[in-house]
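The values are calculated or read from the model by the stated rules, or taken from the named source; none is laboratory data. Because the structure is a prediction, the values reported are computed rather than measured. For neighbour counting, all protein chains shown are included, and Cβ atoms are generated from backbone atoms with ideal geometry for every residue, glycine included. Note: areas computed on protein heavy atoms with side chains; ligands, DNA, RNA excluded. Shrake-Rupley method; radii C 1.70, N 1.55, O 1.52, S 1.80 Å.
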Amino acid sequence: MKPLQASSGDLNADRRADYAEMLHADGDHAAAAELLLGALEMTPQWAMGWFRLGEIQQAAGAPDLAARAWTMSLQLDPSDRQGAALNLQLIGKAPAVDALPSAFVETLFDHYAESFDESLVDRLGYRLPELLDQAIRTARPGRFPLALDLGCGTGLMGQRLRPIVDRLEGYDISARMLGKARAKGVYDFLAKADLRDFVHAGPKAELVAVADVFIYVGALDGVVKTIAGLLASGGLFAFSVERLAGDGDFVLQPSRRYAHAEHYVRDVLAANGFSVLSLETTVIRQDRREPVNGLVVVAGKLPAA
């Protein structure tokens, strides 16, 4: 993705920042950082500018200076729309966090909404809606009275679910993504919500789908417990994660997405009353022209003891 376009509020500072981006694109990272620092002397409260300075200084091979810039960005914007804390974590300058900041995820997808479908499907070979649809139909042929699409985005998963559900509800953290989903006309209900504190007042669902959302959540225990509470006994939970090939339960990657180990996914499901009906390792998209391996999972909620 291109950097978030946010003005400093000062025309002269913006011009310097634009020139810094040109130098950065040409590979002169040190000169770009110096020029952007000059712009920030004119607009020291510009959180996005400090964040961008950190990225450029990292490219220039100055991680300590990058850490200072990201720390300043985080101080100016504690909600962390830029994701400065994640970058600090990745270079070992901040403790690990269990999930990406909600404000960062919302800002990211509001920024990405206009070109989301084209970028993800046409350029990155995004296949998860198709793969999850196939897995759901195999696990349980027939129709579902109520399905919840959590993190529905622009509605790519909803388009797959619509033929097999009577009522389809979609929830997403990004208002702009919801606008794109609404235009497709496949949902009976759409609302803005954060998955990590999600509450549903309606009846229990027979299907909950979470496609390509857990890449923004490291520790899955809490959200899987919430989803178990949303499902009727015997209901299906269909979701995906990026697959962690190394050690550990989950890891924040340089892409600022989480990867999860298969053993961890199975353990979290079992601890929350689910049985695994299917689990497939497959390529879910491309990233920088490299295949991204993921797990496509369908689990069933076991009857209460």
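For the reader, a short list of remarks on this structure follows.
- Here 94, 62, 66, 113 are screened, and the one residue that is among the hydrophobic types (A, V, I, L, M, F, W, C), open to solvent by 20 Å² or more (accessible area, probe 1.4 Å) and out of contact with any Leu (no Cβ under 6 Å at 6 or more places or on another chain) is 62.
- Of everything in segment 207-257 that is aromatic (Phe, Trp, Tyr) and at pLDDT 95 or above, the residue that is farthest from residue 289 (Cα to Cα) is 237.
- Checked against (1) touching a residue at least 24 places away in the same chain (Cβ under 8 Å); (2) at negative phi, residue 41 passes all but condition (1).
- Close Cβ contacts (under 7 Å, 6 or more residues apart or on different chains) running from residues in segment 101-115 that are of a type in the set (D, E, K, R) to residues that are assigned to a helix (DSSP H, G or I) comprise 110/175; 110/176.
- Against the test of being of a type in the set (A, V, I, L, M) and loosely packed, with under 14 Cβ neighbours inside 10 Å, the options 265, 199 yield a single qualifying residue, 199.
- Candidates 44, 95 - the one that is within 24 Å of residue 259 (Cβ to Cβ) and not in a helix (DSSP H, G or I): 95
- Residues that are open to solvent by less than 70 Å² (accessible area, probe 1.4 Å), among the small types (Gly, Ala, Ser) and either farther than 29 Å from residue 118 by Cβ or modelled with pLDDT of 85 or more (or both) within segment 1-15 comprise 8, 13, listed in sequence order.
- Looking across segment 122-141 at every residue that is of a type outside the set (Lys, Arg), at pLDDT below 90 and over 16 Å from the mean Cα position of the chain (by Cα), the one that is farthest from residue 276 (Cα to Cα) is identified as 122.
- Among the residues of segment 16-57, just one is out of contact with any Gly (no Cβ under 7 Å at 6 or more places or on another chain), among the polar types (S, T, N, Q) and surrounded by fewer than 21 Cβ atoms within 10 Å (Cβ to Cβ), namely 45.
- Residue list for segment 141-187, restricted to those being in contact (Cβ under 8 Å) with a residue 60 or more places away in the chain, open to solvent by 10 Å² or more (accessible area, probe 1.4 Å) and touching a His at 6+ places or on another chain (Cβ under 9 Å): 176
- The residues of segment 220-237 that are touching a residue at least 60 places away in the same chain (Cβ under 8 Å) and surrounded by 17 or more Cβ atoms within 10 Å (Cβ to Cβ), listed by number, are 227, 228, 230, 231, 235, 236, 237.
- A search for C-beta distances below 9 Å between a residue of segment 274-289 that is touching a residue at least 60 places away in the same chain (Cβ under 8 Å) and any residue that is surrounded by 15 or more Cβ atoms within 10 Å (Cβ to Cβ) and among the acidic types (Asp, Glu), counting only pairs 6+ apart in sequence or on different chains, returns 284/212; 284/242; 285/212.
- Test: residue in segment 90-107 that is acidic (Asp, Glu), within 18 Å of the chain's Cα centre (by Cα) and farther than 17 Å from residue 252 by Cα: yes
- Summed over segment 266-305, residues that are touching a helix residue (DSSP H, G or I) at 6+ places or on another chain (Cβ under 9 Å) and at pLDDT 90 or above total 22.
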